[in-house]
Each structure stands twice: as C-alpha cells, then as structure tokens.
Amino acid sequence: MNSIIPLSAFTDNYIWVIVYGNSAIVVDPGDAAPVKKFLSENNLNLIAILITHHHFDHTGGLLQLVEENKCSVFGPKGDHIDGITDALSEGDKFSVLNLNFSVLETPGHTLDHIVFYSENTDQKILFSGDTLFSGGCGRLFEGSPLQMNESLQKISSLPDTTIIYCAHEYTQSNLSFALATNPSNRKLISHSKTVNDLRSRNEITLPTTLIIEKEINPFLRLHDKEIVKNAELFHDLKLNSKQEAFAAIRSWKDSF
Ligand code: ZN
Ligand code: FE
C-alpha cells in the first residue's frame, strides 16, 4: 500500500511524495529543500521524479535531487528540461516502485504538459500538475482554449473514482469563481463550505476526485445551461458551442 503525502512549497505549491516501503517518488519538486528534509526524516530513498511541465515551480529542485540521489526522472519529451532521463509522450507506459503509470499529453497551460495516471493499486490516481485544479484549470500560458478543453476532456474520460493530486492549493479561489458561474449548484455550495472550513484551519483541500470535479468544476460542466448563460451575460455574447463556452469561461476567470 502506498501513501501519498503533500509537501508544501513556495506559497501554494504541493510536491506530492509517493511512499512505498523505504522508497519514494516525488512529483514536480519545484524546491529541493522540503523533499530532502522529508526523505531524511523518514529514511527514504528517492527512486524517481515525475515532472508534469517545464515551469520552475515544478522543476526548480530537480537537478539538486538528481545529483544527490541518482534517480530516474520521467518528464515531457523535447529536451528543454535539464535532468530528464525518460522523455515521455502520449500513451507511454512505465513502472516505478509498485506502480504502473500511463502518460496523457494535456497541452493548454503549457504545450509540454503531461499528466500521470496509475490504476494498478487498489486506487486509481492521477497527478494533474497545472492542467486540472480542484474547481478550476490552469491558465493558458502557451496553449489555446481548444487544446485545454480537449486535455480536460481526456482527463474526464478516466474512471470517475480517480483520485486527483493537483499541484496548487487554488481550490478556494477557484470555487468563488465557480459559484459566480453556477450559483444554483447545490453540490458546489456545500463543497465550498467544506473547503472554506478546511482553509480557515489552514488545511489542504486535496486530493480531489473526478466525480467531485464533474459536479463542481465549471470547466468540466460546459453542458450546464446556467454556466453558459452566465458566461454569455458576462461577455455580452452568444456562445454557440462547448468550445466557445470553454474559451468564454476561461477568459472570464482570467479577469475574475
Ligand atoms: Zn505551471
Ligand atoms: Fe505551477
């Protein structure tokens, strides 16, 4: 049985650590310091690093950890991230510790973004980086709304019970936007209360699950007429497709 533990980094990043026996995998180590501290306090060997995309808050600790641990580094293809030993594309599969991972390319936030899915333990798990957040999705720094919507659709097609480990604690602000788009969504209202409670005690709101996100995340609810109507009102524009609705909701969020 694996345990999956969040380490806080910078202001709102989480570096996820998967522990199995005395071995560990870390996901998106933007900073080496909290990882080194955790490994030494728990007497763990670092076996592998997983990287979702090139941003510094996800890769900044990579080279230092590799130097000290000689571990494999799985990350996006393209030779643009120093230290990657196993360059990955859509559909690639690999195994580390007791886990089999498959890779999904999810361009949008960045063009190189990938996510890591594993279903061979008793739990299905996804490391979604900055593609899917609880209640929201990543900003479009490099990709188009079309690409991001397709990436989120790809994630949506995973099993509903998938447990999702996102890379930032953005849930509370995402949900205040979600409520503006979808004020009559009862599940969203009650989930927001839970999240506000957790945050008032400075507690983590993650992981989430795909089923929860389908209920509360406006970017996975383009079929919801209330959300589309509110996006039309905000932009004073008729939205004729899910694609247009996605772009309109994303740009509304950017200015929220
Ligand atoms: Zn990022
Ligand atoms: Fe980030």
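Descriptive notes on the structure:
- Lone unmet requirement of (1) away from ligand 1 (no atom under 13 Å from the Cβ); (2) in contact (Cβ under 8 Å) with a residue 24 or more places away in the chain for Phe94: (2)
- Taking the range 97-124 as the range and being within 16 Å of ligand 1 (Cβ to nearest atom) and either touching a Gly at 6+ places or on another chain (Cβ under 7 Å) or part of a loop (DSSP other than H, G, I, E, B) (or both) as the test, the residues that pass are Thr106, Pro107, Gly108, His109, Thr110, Leu111, Asp112, His113, Val115.
- Qualifying residue in the range 38-48 (condition: among the small types (Gly, Ala, Ser) and crowded, with 20+ Cβ neighbours inside 10 Å): yes
- The residues in the range 59-73 that are surrounded by 22 or more Cβ atoms within 10 Å (Cβ to Cβ) and either in contact (Cβ under 8 Å) with a residue 60 or more places away in the chain or under 18 Å from the mean Cα position of the chain (by Cα) (or both) can be counted, and the count is 1.
- Residues of the range 135-172 that are basic (Lys, Arg) and either within 16 Å of ligand 1 (Cβ to nearest atom) or under 13 Å from Glu213 (Cβ atoms) (or both): Arg139 alone.
- Every pair of residues 6+ apart whose Cβ atoms lie under 7 Å, when the first sits in the range 225-247 and is within 22 Å of Glu150 (Cβ to Cβ) while the second is among the polar types (S, T, N, Q) and assigned to a helix (DSSP H, G or I): Ile227/Thr181; Ala231/Thr181; Gln243/Asn149; Phe246/Asn149
- Filtering the range 9-37 to residues that are out of contact with any Gly (no Cβ under 7 Å at 6 or more places or on another chain), surrounded by 14 or more Cβ atoms within 10 Å (Cβ to Cβ) and of a type outside the set (Phe, Trp, Tyr) leaves Val17, Ile18, Val19, Ser23, Ala24, Ile25, Val26, Val27, Pro34, Lys36.
- Any hit, the range 74-85, residues being surrounded by 14 or more Cβ atoms within 10 Å (Cβ to Cβ), of a type outside the set (S, T, N, Q), more than 24 Å from Arg139 (Cα to Cα) and in contact with a strand residue (DSSP E or B) (Cβ under 9 Å, 6 or more places away or on another chain): yes
Rule-based calculations on the coordinates, nothing more; no lab input. Since the model is a prediction, treat every value here as computed from it, not as a measurement. So basically every Cβ, Gly included, is an ideal-geometry build from the backbone, and we count neighbours across all protein chains shown.
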